[in-house]
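The values are calculated or read from the model by the stated rules, or taken from the named source; none is laboratory data. Keep in mind that what you see is a predicted model, and the values were worked out from it rather than measured. So basically every Cβ, Gly included, is an ideal-geometry build from the backbone, and we count neighbours across all protein chains shown. In case anyone asks, the SASA skips ligands and DNA or RNA and just uses the protein heavy atoms, side chains included. Shrake-Rupley method; radii C 1.70, N 1.55, O 1.52, S 1.80 Å.
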There are 2 protein chains.
Amino acid sequence: MPTYTAPIRDMQFLLHEVMGVSGSAVPGYQELEADVTAAILEEAGKLATEVLAPLNASGDREGCTLENGIVRTPSGFKDAYETMKAGGWMGLDCDPEFGGQGMPYLMGTAVGEMFVSANMAFNMYQGLTHGAYSAIHSHGTAEQKSTYLPKMVAGDWTGTMNLTEPHCGTDLGLMRTKAEPQADGSYSISGQKIFISAGEHDLSDNIIHLVLAKAPGGGEGTKGISLFIVPKFLVNADGSLGRRNGVSVGSIEEKMGIHANSTCVMNYDEATGWLLGDLHKGMRAMFTMMNEARIGVGLQGYAQAAVAYENAAAYARERQQGRAISGAEFPDSLADPLIVHPDIRRNLMDQKSFVEGARAFTLWGANLIDRAHLDSDAEAEGLISLLTPVIKGFQTDKGFEMAVQAQQVFGGHGYIEEHGMSQFARDARITQIYEGANGIQALDLVGRKLAADGGKHVMAFFDIVKSFIKENEGDAKLKADFLDPLKAASKDLQAAGMYFMQQGVKNPNNALAGSVDFMHMMGHVCLGLMWARMARVAQQALASGTGDEAFYKTKLATGRYYMARHLPATALHLARITSGADTVMALAADEF
Amino acid sequence: MPTYTAPIRDMQFLLHEVMGVSGSAVPGYQELEADVTAAILEEAGKLATEVLAPLNASGDREGCTLENGIVRTPSGFKDAYETMKAGGWMGLDCDPEFGGQGMPYLMGTAVGEMFVSANMAFNMYQGLTHGAYSAIHSHGTAEQKSTYLPKMVAGDWTGTMNLTEPHCGTDLGLMRTKAEPQADGSYSISGQKIFISAGEHDLSDNIIHLVLAKAPGGGEGTKGISLFIVPKFLVNADGSLGRRNGVSVGSIEEKMGIHANSTCVMNYDEATGWLLGDLHKGMRAMFTMMNEARIGVGLQGYAQAAVAYENAAAYARERQQGRAISGAEFPDSLADPLIVHPDIRRNLMDQKSFVEGARAFTLWGANLIDRAHLDSDAEAEGLISLLTPVIKGFQTDKGFEMAVQAQQVFGGHGYIEEHGMSQFARDARITQIYEGANGIQALDLVGRKLAADGGKHVMAFFDIVKSFIKENEGDAKLKADFLDPLKAASKDLQAAGMYFMQQGVKNPNNALAGSVDFMHMMGHVCLGLMWARMARVAQQALASGTGDEAFYKTKLATGRYYMARHLPATALHLARITSGADTVMALAADEF
């Protein structure tokens, strides 16, 4: 069975040594002294290791079951959920006005990585609740907030988001679910939604569905869409639960992975709903959830790679097979451990250098969100809107790839379910698909975010990279191993952006045919920047002799690997992009 | 449910227009006139589409069951197996002396692709039988051949290969299964084997296990290993089945995929076995099976991608979602089909250009095997020994990647099991692992095959590439689109080989740390060569106006895509390789 160890040292390194959180001006960050974050991370890590991780494989095997309209989660989930609630983890970064602990999103993200690594399917129940919380918190009336948020923050009630219908996934303009206004100000919601994660289950007393539907008078396409709150049980004026609403689960899906999370077909049959936010502005309200969810999914991608890596490294140290090429390293054993073999190391270093880079990138993203929300920092807001599709798309593509590589270390033992490595790959696979398939992330990046506000945000991004290089290029060691590769990769990225500008005007297909390649290039540049930052800190720590040498040396070596072996991918992506759209678009539809 | 259409036109193009089989001097090829191969391919295609494909998803859902020592295959498998037997497909390329149809391996390979695309788990039962047939055919005594081969060729009996034990996968020197010589010339075999595909099932009357075991006096490591024939039921002198042998299934594995193929733990408890081939030369005899099996697995890789691609393309033509960037292509519909979107096309072209290139490469490989076996062509033998790890490793890595990309076209519908796209990815995943994990293929290529016979075979390979370029560079169109990119990629490959020679001498880790990258580079150069060959034929056909213009134009366009978008990967692989082993080997085992 797989194990899980929380990466507390690495997170503390990022929070305090790289990001210097407690010295930051962001409101709420000053309290994040090292001992405070250590206490939180250790408690969260304990919960992840001792409560959530042991239920991961059994939850996968058992799955969810639907009988007489009731969905049962796997054995042990209800107890684990109660433990999470009792610890106040659901409301860690929620508003104290509604019972939350008021921690910054940054801490919610760090803790979230642990929970997702330990048990992704389990953590989705609260993850979706958090998304629904955010939407109601941002767009709800005072009454809606006081009715729903305290219960959601406490974890007594959970939440969902309902977008997809059988005939419409990405293209929400095709939506058919209808909302008819009623005399009492409520709406009558009818339609069918599919792929609703945690749509029905036995963990909470009530489920607050946020449902996109078309109300009369909004016009064609996505313009007519509004967002509604549709609780499973209606809520009485005193906060107690009233009658069952007209919403029910039709079936649950058989999936490749995340078996322990119920993926439901939800039927709305004249269900009572209340408008959330403005009429016909449902897409905007939904995007509050979507953007947060996308970063959460980007986190899931690398968090699955992280736990898969931990287990692959452990297996490579234990499993004896073959001999080191340079002669037996353990002559008293019948064979050397796998980890002596260069290709096993290549595989593990791919994983390690990606996971640590992605962790830094994601925490940086969380920091930008805090700056935007807590400090009204418009630049941070612009930057994170640019980076969100990269965090989602790049990190989930790579996260899946790395989980698959981790599985490969186990050979045949990775393919059978017994060791749990297959589950990491199967669970990670969904992250490339939901909350906007990665092709959509790339389209959002290239088709929308690059040019947003006159290209201001992407220029700001390049300035950050350039400034970092300029400030540090006096350091010869950093320059050769980190800054020069970063500069080359960043140049490739700029060249791709330039190509899009020049050729995309002539034919937008020239940009869109290279959109996924661009997203990956940008991901590599972001992780290259993270590694350069981390390397600088590690070098300084080594120079000042603060101790913990092994940690900093390992950090530097891992970063050098990323720069040498991952980062050169930008040149390949650039070559693909600049080959243009002609070969991509050459065939007629029936010639495929 | 997925559909399957046999690629008859493409196979006929390769067999006759590209390879000119019926004009070839290889014995047995002259009879392969276009109408003969068409008849075979059409019949095989019918069987694949109508009998095998419909059982693929149901077989995956149902899986195999073990009860009281009896393994049951999924519903319909037994009937389908009888249909295959009745058609004589099991012995298509087997020796007529034992009831086979005596077709070249080339035809077995073409037909095999269809069966594997339609139902990989099903086809493994006969695939392993074919491997065991080959080993007995090559190494068996006259009596062994007459006892076992007619029944195996007919499909009445099936075969298995037993290598792996719980503590030894790749490193067979650790083997513990023992063979004690008996007075009657037989051996008593005891030990446990795991991951035995088709180890026990209900399709055939008898199962002929080929088992590696250590007989006394052979010395340490792999030197002491011999190969034994251990039938499930002993065979009487008159060919009838005798008593049950001391071999039984202990359990069957829960796996990520190929659920319909039983993967067994086999217990040998003083089972009666007969030596196959020479005592203590079991590894050599086993490699007869392994090499064939590796090419078969390389075929599985792209065959899964092929059927996944077919279904992804069909879905992209049907599913309406969003609008073309340049304006609605189907203004009367609520949305355009997915296939209007450049990134969907990029995804599909990745798949199509890989699958068709891999098909050409694999049939070329089969042709080399025929030349080696039927025509005693030592050059062909050397070349296929070099290319076998590339066919296996590159094609299965890419095959899985492409099956995953095909799944991605379906969005959320690809993640649920209903559409069958998850199964293609899950089934394809095993191909990267079994018959030698792909890291082992790369080690075989770089550590053994490159330098074999003084590097003669790799030089011969480069000569083939160079000659093709030289012969055709007068053709300006071919030069720009195909020959120049091929030349650049081939140059990268040579540079990598040179790096290995120079740096590998100083430190073999420098070669091994780049072995997987080298395998992929070589795969790209091989597919680049295939595309250049196919493009030449397509251009000539268009110039001569033989008709079927759409086919040849599509072929050229698909090839141009491969050259423009896949082939530049060689530069990335070269950059990784020449970054050396230092960053790969930097960490101590406990620093991972």
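Could you work out the mean count of beta carbons from other protein chains within 10 Å of each residue's beta carbon in B:71-83?
What the average comes to for B:71-83 is 0.
Compute for chain A: radius of gyration divided by Kirkwood radius, i.e. Rg/Rh, restricted to C-alpha atoms, rounded to two decimals. Spell out each step's value before the answer.
Values: Rg = 24.2 Å, Rh = 25.0 Å.
Dividing the radius of gyration by the Kirkwood radius yields 0.97.
Which value, in nm² and rounded to one decimal, describes the direction-averaged projected area of the C-alpha convex hull of the protein assembly as shown? Walk me through the intermediate numbers first.
Numbers: hull surface 180.3 nm².
Computing the convex hull of the Cα atoms and averaging its projections yields 45.1 nm².
For a quick check of your reading of the filter: which trypsin sites (Lys or Arg not before Pro) in region B:169-232 sit in a DSSP loop and have no more than 16 other Cβ atoms within 10 Å? Provide the component values of the computation, followed by the final result.
Details: sites: B:Arg176, B:Lys178, B:Lys193, B:Lys214, B:Lys223, B:Lys232; in loops: B:Arg176, B:Lys232.
In loop regions of region B:169-232 (DSSP not H, G, I, E or B), the sparsely surrounded trypsin sites (Lys or Arg not before Pro) are B:Arg176.
For A:Lys223, which lysines qualify as cross-link partners when the Cα separation must be under 28 Å and same-chain residues fewer than eight apart are set aside?
Counting by Cα, and skipping residues close in sequence, A:Lys223 has these lysines nearby: A:Lys145, A:Lys178, A:Lys193, A:Lys214, A:Lys232, A:Lys281, A:Lys392, A:Lys449, A:Lys456.
To the nearest 10 square angstrom, how much accessible area does A:Val18 have with a 1.4 angstrom probe?
Approximately 40 Å² of A:Val18 is accessible to the 1.4 Å probe.
Which distances, in nm and shortest first, link the B:Lys491 label point to the same label point in every other copy, taking 7 Å along Cα→Cβ?
Sorted ascending, the copy-to-copy spacings read 1.9 nm.
Name the chain B residue with the Cβ nearest the axis that maps B onto A: which is it, and what is the distance in angstrom?
Measuring from each Cβ to the axis, the minimum is at B:Leu572, 2.
Kindly work out what percent of the DSSP beta bridges joining two residues of chain B are antiparallel, to the nearest 5. Kindly include the intermediate steps, with their values, before the conclusion.
Values: 34 of 41 bridges.
That works out to approximately 85 percent antiparallel.
Could you run the numbers on buried accessible area between A and B, total for both chains, 1.4 angstrom probe, in Å² to the nearest 100?
Details: alone 24040 and 24010 Å², together 40720 Å².
Answer for the A-B pair: about 7300 Å² buried.
Could you check how much of the accessible area of chain B is carbon and sulfur, as a whole percent, using a 1.4 Å probe?
52
Going by accessible area, probe 1.4 Å, with all protein chains left in place, what is the ranking of B:Phe287, A:Phe394, largest first?
Values: B:Phe287 75, A:Phe394 0 Å².
Ranked from most to least accessible, the order is B:Phe287, A:Phe394.
If you plug each phi of region B:45-51 into the Karplus form 6.51 cos²θ - 1.76 cosθ + 1.60 with θ = phi - 60°, what whole-Hz ³J(HN,Hα) values come out, in order, with x for Gly and Pro?
Using θ = phi - 60°, the values come out as x, 4, 4, 4, 6, 8, 10 Hz.
Tell me the distances, shortest first, between A:Glu33 and the same position across the other copies, using label points 7 Å along Cα→Cβ, in nm to one decimal.
Values, ascending and in nm: 9.3.
Go through region A:325-343 and flag every residue whose accessible area shrinks by 50 Å² or more with all protein chains in place compared to the isolated chain (probe 1.4 Å).
Listed in order, they are A:Ile325, A:Pro342, A:Asp343.
Could you give the accessible area per residue of region B:157-287, probe 1.4 Å, as a whole number in Å²?
Working: 4690 Å² over 131 residues.
Heavy-atom accessible area per residue stands at 36 Å².
Which angle between 0 and 90 degrees, to the nearest 10, do you get for helix B:77-86 versus the longest principal axis of chain B when only C-alpha atoms count?
Roughly 90 degrees, rounded to the nearest 10.
Pull up the cross-link candidates among the aspartates and glutamates for A:Lys46, meaning alpha carbon to alpha carbon under 15 Å and not fewer than 8 places away within one chain.
In chain and number order, the partners are A:Glu113.
Leaving out same-chain residues fewer than 8 places away, which aspartates and glutamates sit with a Cα under 17 Å from that of B:Lys506?
B:Asp582
How large is the Kirkwood hydrodynamic radius of region B:289-578, in angstrom, based on all distinct alpha carbon pairs?
Hydrodynamic radius (Kirkwood, Cα pairs) of region B:289-578 is 20.0 Å.
Work out from phi, with θ = phi - 60° and the Karplus expression 6.51 cos²θ - 1.76 cosθ + 1.60, the ³J(HN,Hα) of each residue of region B:486-494, listed in order in whole Hz, and give x for Gly and Pro.
Once θ is set to phi - 60°, the couplings for region B:486-494 become 5, 4, 4, 5, 5, 5, 4, 5, 5 Hz.
What is the helix-to-structure angle for A:105-118, meaning the angle in degrees between its Cα long axis and the longest Cα principal axis of chain A, kept from 0 to 90 and rounded to the nearest 10?
The answer is roughly 80 degrees.
At 7 Å along the Cα-to-beta-carbon direction for both A:Asp156 and B:Asp590, put a label point, then send me their distance in nm to one decimal.
Spacing of the two 7 Å Cα→Cβ label points: 5.0 nm.
Roughly speaking, what % of Cα-Cα pairs in region B:8-139 are separated by over 25 Å, rounded to a whole number? Kindly include the intermediate steps, with their values, before the conclusion.
Working: 2807 of 8646 pairs.
In whole percent, the share of Cα-Cα pairs in region B:8-139 beyond 25 Å is 32.
Roughly what percent of Cα-Cα pairs across region A:120-224 reach past 17 Å? Write down the numbers at each step before the final one.
Values: 3186 of 5460 pairs.
Roughly 58 percent, once rounded to a whole number.
Each residue of region A:533-549 in turn: what ³J(HN,Hα) in whole Hz from Karplus with 6.51, -1.76, 1.60 and θ = phi - 60°, glycine and Pro shown as x?
Going residue by residue, I get 4, 5, 5, 4, 5, 5, 4, 4, 5, 5, 5, 7, x, 6, x, 6, 3 Hz, with x marking Gly and Pro.
Got a sec? Charge dipole of the protein assembly as shown, +1 on Cβ for Lys and Arg, -1 for Asp and Glu; which of B:Leu210, A:Ala110, B:His566 is way out at the positive end?
Selected residue: B:His566.
Taking the Cα centre of the protein assembly as shown as the origin and placing charges on Cβ (Lys, Arg +1; Asp, Glu -1), which of B:Leu587, A:Phe354, A:Ser579 is farthest toward the positive end of the dipole?
A:Ser579
Starting from 0.36 nm per residue, how many nanometres of slack lie between B:Lys456 and B:Glu270 once their C-alpha separation is accounted for? Write down the numbers at each step before the final one.
Numbers: separation 186, 0.36 × 186 = 66.96 nm, distance 4.59 nm.
Here the answer is 62.4 nm.
Using r as the Cβ-Cβ distance of B:Lys223 and A:Glu42, and R0 as 51 Å, what FRET efficiency do you calculate, to the nearest 0.05? Please report the intermediate quantities before stating the final value.
Values: r = 53 Å, r/R0 = 1.04.
According to the calculation, E is roughly 0.45.
Solvent-accessible area per residue for region A:289-578 at a 1.4 Å probe radius, Å²? Write out the running numbers ahead of the final one.
Details: 9090 Å² over 290 residues.
For region A:289-578, the solvent-accessible area averages 31 Å² per residue.
Percentage of Cα-Cα pair distances in region A:484-592 greater than 19 Å, rounded to whole percent?
Values: 3202 of 5886 pairs.
Percent of Cα pairs beyond 19 Å in region A:484-592: 54.
Taking amide H positions as placed in the peptide plane 1.01 Å from N, state which residues far from B:Val235 in sequence (5 or more) or on other chains have amide H under 5 Å from it.
It is B:Gly242, by chain and number.
Put a point 7 Å out from Cα along the line to Cβ at A:Ala328; what are the distances to that point in the other copies, in nm, shortest first?
Those separations, rounded to one decimal, come out as 7.6 nm.
Over chain B, calculate the relative contact order: mean separation of alpha carbon pairs under 8 Å at least 6 apart, over the residue count, as a percent.
On the way: 1069 pairs, mean separation 73.1, N = 592.
It comes to 12 percent, rounded to a whole number.
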